[in-house]
Amino acid sequence: MSILVNPDAFPQAIRAVYDLAKLLPGTPEEFSRLLVPHSHLPEDDRYRDGRDILKSALSEAKALGLIEDRDGTVTAAQTFPNDGAYLHALCRAVLSQEERFCQAAQWFLEQDAYRAPEANSFDDYQTRGLGIIEFIPNGTQFSNFQRWMRYLGLARDIGGAWMPDPTRALNNGWAAVTTTGEFAVADVYARWREALPALPPVTDTVMPGSVSSALKALTRAKRCVLLSHADAEKWTLTLPHGATMNVSHIKVTKVKA
């Protein structure tokens, strides 16, 4: 089942299922007893959502490759050294398996990263005929999309506006995707797009504002240094207030997670 069409597919619930499977493998019934405290009581509509959310979390976690069923016992399919590595693996799984989600994410990350959008709700996007409605057909899926974009580190709220920002997603996968050294910006971006296909393609060597902003944030975090060699091909970073910056190489200075 797709995370877009399933309103019970909460990323936090999937994380709870994964953590329990890693620490205390057990049957789905045992998971229900531990994660939905009222599940052992007689049928009661007040507790239906908890059971439905757990069922969805188990299904989605398995589909995303986080857990597996070994002869009726739910256990973690893989382990991660830290939260960032978990989130990077989850983001890659979602983007590779959820084509419409990935397409919508790419469209969103192409939007202006420095100005509050004219549309925030699904009705706004629909009324204005904006491109995201090609991939997200209704309000329920739009809410799911927003929830997951924030959780995966591909968007954030700034001053009440929902903005494109892949900084956390890039940072979460930094150790998994990058290596120490100096590389042409085109090579670095190709490597990142392979890992995170939600990143938009670069047109005419101009990098989208959302990725430009993320790269500047990563330089402030001393993850990398942006260089401009005179004799090399340059890409243009899009910065606030119409400013630009030419970059030919990225020097990776820190790959430790």
Practice item. State the percentage of accessible surface on region 137-239 attributable to carbon and sulfur atoms; use a 1.4 Å probe and exclude ligands, DNA and RNA. Key: 51
Point to revise | Principal axis dimensions, the chain - Cα atoms, whole angstrom, descending | key: 72, 45, 28
Review point. Within straight cross-link reach of K234, meaning Cα distance under 19 Å, which aspartates and glutamates are found once same-chain residues fewer than 8 apart are removed?
Key: E182, D187, D204
Point to revise | Rounded accessible area of K62 (nearest 10 Å², 1.4 Å probe) | key: 120
Review point. When all protein chains stay in place, what accessible area (Å², nearest 10, 1.4 Å probe) is found for V206?
Key: 70
Exercise for review: Sort T127, T236 by accessible area with a 1.4 Å probe, largest first.
Suggested key: T127, T236
Check your understanding: How much of Y125 can a 1.4 Å solvent probe reach, expressed as accessible area in Å² and rounded to 10?
Key -> 10
Review point. Which aspartates and glutamates does K216 reach when only Cα atoms under 15 Å apart count, and residues fewer than 8 places away in its own chain are ignored?
Key: D165
**Study point:** Lys, Arg +1 and Asp, Glu -1 on Cβ, resulting dipole of the chain about Cα centre, debye, nearest 20
**Key:** 960
Exercise for review: Return one number: the angle in degrees, 0 to 90 and rounded to the nearest 10, between the long axis of the Cα atoms of helix 99-109 and the longest principal axis of the Cα atoms of the chain.
Suggested key: 40
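What order, most packed first, do the peptides 69-77, 109-117, 209-217 have when packing is the mean number of other Cβ atoms within 10 Å of each residue? Don't jump to the answer; show the numbers that get you there.
Values: 69-77: 13.6, 109-117: 16.8, 209-217: 22.4.
Order by mean packing, descending: 209-217, 109-117, 69-77.
The values are calculated or read from the model by the stated rules, or taken from the named source; none is laboratory data. This one's a predicted model, so the numbers in the text were calculated from it and none came from an experiment. Glycine also receives a Cβ, built like all others from the backbone with ideal geometry; neighbour counts cover every protein chain displayed. All accessible areas refer to the heavy atoms of the entire protein, side chains included, with ligands and DNA or RNA removed. Shrake-Rupley method; radii C 1.70, N 1.55, O 1.52, S 1.80 Å.
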